[in-house]
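Undergrad: The structure is given below, and queries will be raised subsequently.
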Amino acid sequence: MPDKVQRVKGVNDILPAEARQWQALETVIKTVMDRFAYGEIRPPIFEKTELFARGVGEDTDIVSKEMYSFTDMSNTSMTLRPELTAGVVRSYIQNNLQQISPVQKLWYEGPMFRQERPQKGRYRQFWQFGAEAIGSPNPEQDVEMIALFYAVLKELGIEGSVTLKINSVGDTESRETYRTALQDYLRPHLNELSETSQRRFQTNPLRILDSKAPNDKELVKDAPKIRECLNESSTSHYDQVLVMLNEMDIPFVQDDLLVRGLDYYTHTIFEFTSDALGAQDAICGGGRYNDLVKELGGQDVPAIGWASGIERLLLVVEALHPAEPKTDLDLFLIIMGDDLRVKAPGLINQWRSAGLRCDSDALRRSMKAQMREANRQGARYVAILGEDEFTQGVVQLKNFESGEQTAVSFDKVVSTINPQAGD
Ligand code: ATP
Ligand code: MG
């Protein structure tokens with residue numbers, strides 16, 4: 001026997017029963033995005049590697065070790081998107097979206113690819129949905145962004161198990177001030193830091209704040225706080241964000257140690273975590289990125305966005321509101337006698353066109369086996385079609401719940417099952 005081909009490590013098959021949960025979530029996402037007046041954007045799955053190197057940052061985990069890159073026939077290095085902010089910004093610039101309106105509010109959903117160590121809640125192909133608002137520098141835009149994700153949580157009924165952590169890294173000037181203050185604080189302890197943190201001391205010292213190494217954690221406890229290094233306008237921006245969050249009854253905790261993995265953030269950064277998850281507890285991360293559009297060759301346009309991991313979000317939904325098995329079918333047609341196999345498809349098709357969810361057996365099985373299949377599919381009704389019924393233009397329609405059975409003519413089947421629907 002030939003070997004079975006196995007799934008690639010760290011990717012998932014989403015089978016129909018689970019896909020139903022995905023569809024329910026997607027409906028919520030679309031409804032909320034629509035309410036907030038965000039338009040959907042669908043950028044390509046792969047881009048030139050250069051986009052991520054410039055847009056995400058060479059020193060990030062993503063670019064330094066997680067990307068799926070390949071060289072195509074034109075000898076150009078391409079990368080399967082590890083995230084979509086860079087792609088959305090590239091698309092915004094290339095399609096001159098600022099000409100349509102000075103603020104572009106966009107959302108997306110789709111698979112992302114990162115070569116990470118697979119574990120629960122961490123995969124190599126995973127899905128994100130996210131939103132980007134490009135054009136406004138003001139704190140009300142930050143708050144709308146947060147409210148947008150919070151609305152999705154509320155719609156799913158899981159906001160109670162979720163914590164919003166927020167911090168500000170300020171503008172470029174404030175970040176420089178802080179970078180220096182942090183380096184000054186850490187310099188005497190440089191040898192005690194983990195290897196990764198020692199490397200980051202020069203390239204990206206802020207990332208040392210979210211190091212998982214116990215000794216690093218101990219050291220950063222007493223480090224100067226970013227908040228103390230924010231200049232006046234950065235402080236004012238951050239304060240307004242907090243005031244408006246309170247105004248909107250969105251609970252949050254300020255987290256001085258919150259820094260995000262990507263290079264491009266300025267001002268407000270945030271993360272939503274859930275206590276229904278284990279180690280991988282972040283379900284959404286985002287922040288303001290005022291310099292990215294310019295750095296990718298566009299105009300000097302401020303922006304803010306977030307991205308949420310769909311698999312993790314669904315783990316939370318499933319933990320809090322386990323899905324009930326759903327009755328799927330309206331009707332299962334039981335066909336008695338092989339001669340009727342030629343006639344039955346026309347009937348089913350007619351009922352399906354009228355909106356009924358119907359199925360029948362294509363294996364030419366016994367009546368008993370067909371009944372079993374109807375049951376397995378959770379049909380509300382079965383219609384039994386024998387030679388006599390066919391001659392009279394009727395089926396024996398049986399309500400599975402009440403057990404009631406009556407002869408119903410072909411053209412009355414739909415209205416009997418769905419009284420609101422016309423035949
Ligand atoms: P983490 O701290 O979990 O590595 P991150 O900072 O790398 O997250 P982002 O790049 O901000 O995550 O992506 C936003 C969201 O996408 C995360 O909060 C998480 O829900 C989800 N996510 C990120 N990486 C993965 C992955 N490998 N598998 C599944 N979901 C992921
Ligand atoms: Mg990560």
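Undergrad: Is region 261-345 best put as rounded, prolate or oblate by its Cα gyration tensor, with a ≥ b ≥ c the root eigenvalues, rounded for a/c under 1.5, and otherwise prolate when a/b is larger than b/c, oblate when not? The partial results should precede the final answer.
TA: Details: a/c = 5.88, a/b = 2.28, b/c = 2.57.
Oblate.
Undergrad: Could I ask something else about it? Sort 235-245, 192-202 for me by packing, meaning the mean count of neighbouring Cβ atoms within 10 Å per residue, highest on top.
TA: Numbers: 235-245: 17.5, 192-202: 15.5.
Those peptides, ordered most packed to least, come out 235-245, 192-202.
Undergrad: While we're looking at this one, here's another question. Distance from a point 7 Å along Cα→Cβ of residue 23 to each backbone N in region 334-374: keep the residues under 18 Å and list them by number.
TA: Counting only backbone N, you get 352-360.
Undergrad: Carbon and sulfur together cover what percent of the accessible area of region 150-221 at a 1.4 Å probe radius? Walk me through the numbers before you get to the answer.
TA: Details: 1680 of 3580 Å².
Here it works out to 47 percent.
Undergrad: Over the chain, with a Gaussian network built from C-alpha contacts below 10 Å, which listed residue (171, 338, 72) shows the highest mean-square fluctuation?
TA: Result: 338 has the largest fluctuation of those listed.
Undergrad: Given a 1.4 angstrom probe, I'd like the percentage of the accessible area of region 331-417 that is carbon and sulfur, rounded to a whole number. It would help to have the intermediate numbers written out before the result.
TA: Numbers: 2220 of 4750 Å².
Looking at region 331-417 in its full context, I get 47 percent from C and S.
Undergrad: Working out 0.36 nm times the residue gap between residue 101 and residue 213, then minus their Cα-Cα distance, what length gain in nm do you get to one decimal?
TA: Values: separation 112, 0.36 × 112 = 40.32 nm, distance 4.60 nm.
Answer, rounded to one decimal: 35.7 nm.
Undergrad: Between region 266-342 and region 166-191, what is the C-alpha centre distance in whole Å?
TA: One Cα centre to the other: 34 Å.
Undergrad: Between residue 185 and residue 155, how high is the FRET efficiency from 1/(1 + (r/R0)^6) when r is the Cβ-Cβ distance and R₀ = 30 Å? Nearest 0.05.
TA: Details: r = 43 Å, r/R0 = 1.44.
The value I calculate is 0.10.
Undergrad: Given axes a ≥ b ≥ c from the Cα gyration tensor, I'd like to know whether the chain is rounded (a/c under 1.5), prolate (a/b larger than b/c) or oblate. Display every interim value, and only then the final one.
TA: Working: a/c = 2.55, a/b = 2.32, b/c = 1.10.
The shape class here is prolate.
Undergrad: Within the chain, which whole H helices from DSSP have a Cα span along their axis of at least 18 Å and a mean Kyte-Doolittle hydropathy of 0.0 or more, if any? Spell out each step's value before the answer.
TA: On the way: long enough: 16-35 (28 Å, -0.52); 139-156 (26 Å, 0.46); 172-186 (21 Å, -1.27); 232-247 (22 Å, -0.45).
The answer, listed by residue number, is 139-156.
Undergrad: Let me ask another. When the C-alpha atoms of region 26-137 are aligned to their principal axes, what extent does each axis show, in angstrom, from largest down?
TA: That works out to 37, 35, 28 Å along the principal axes.
Undergrad: Between rounded, prolate and oblate, where does region 331-417 land on the alpha carbon gyration tensor, with a ≥ b ≥ c its root eigenvalues, rounded for a/c under 1.5, else prolate if a/b exceeds b/c?
TA: Values: a/c = 1.25, a/b = 1.03, b/c = 1.22.
Since a/c stays below 1.5, the shape of region 331-417 is classed as rounded.
Undergrad: At 7 Å along the Cα-to-beta-carbon direction for both residue 328 and residue 45, put a label point, then send me their distance in nm to one decimal.
TA: In this crude label model, residue 328 to residue 45 measures out at 2.5 nm.
Undergrad: Another one. For the chain, what is the calculated [θ] at 222 nm in deg cm²/dmol (nearest 500), taking -39500 (n - 2.57) for each run of four or more DSSP H residues and dividing by its residue count? Kindly include the intermediate steps, with their values, before the conclusion.
TA: On the way: 15 runs with 152 residues, N = 423.
After summing the helix terms and dividing by residue count, I get -10500 deg cm²/dmol.
Undergrad: Let me ask another. Of all trypsin sites (Lys or Arg not before Pro) in region 96-189, which ones are in loop regions per DSSP and have a Cβ with at most 12 other Cβ atoms within 10 Å? Write down the numbers at each step before the final one.
TA: Details: sites: 105, 114, 120, 122, 124, 154, 165, 175, 179; in loops: 114, 120, 124.
Counting only loop positions with at most 12 other Cβ atoms within 10 Å, the trypsin sites (Lys or Arg not before Pro) in region 96-189 are 120.
Undergrad: Among 184-190, 35-41, what's the highest-first ranking by average C-beta atoms within 10 angstrom per residue?
TA: Numbers: 184-190: 12.9, 35-41: 14.6.
Output ranking for 184-190, 35-41: 35-41, 184-190.
Undergrad: How would you order 385-397, 274-286 from highest to lowest mean count of nearby Cβ atoms within 10 Å? Walk me through the intermediate numbers first.
TA: Working: 385-397: 16.1, 274-286: 18.6.
Listed from highest to lowest mean packing, they are 274-286, 385-397.
Undergrad: Let me ask something else. Name the residue, out of 339, 256, 359, whose mean-square fluctuation peaks in a Gaussian network model built on the chain with Cα pairs under 10 Å.
TA: 339
Undergrad: Related question: At residue 407 and residue 318, where each label point lies 7 Å from the Cα along Cα→Cβ, what is the point-to-point distance in nanometres?
TA: Rounded to a tenth, the inter-label distance reads 4.9 nm.
The values are calculated or read from the model by the stated rules, or taken from the named source; none is laboratory data. It should be emphasised that the depicted structure is a prediction, and the values quoted were computed from it without experimental measurement. Note that we place each Cβ from the backbone using ideal geometry, even for glycine, and neighbour counts take in every protein chain shown. Surface accessibility is based on the protein's heavy atoms, side chains included, excluding ligands, DNA and RNA. Shrake-Rupley method; radii C 1.70, N 1.55, O 1.52, S 1.80 Å.
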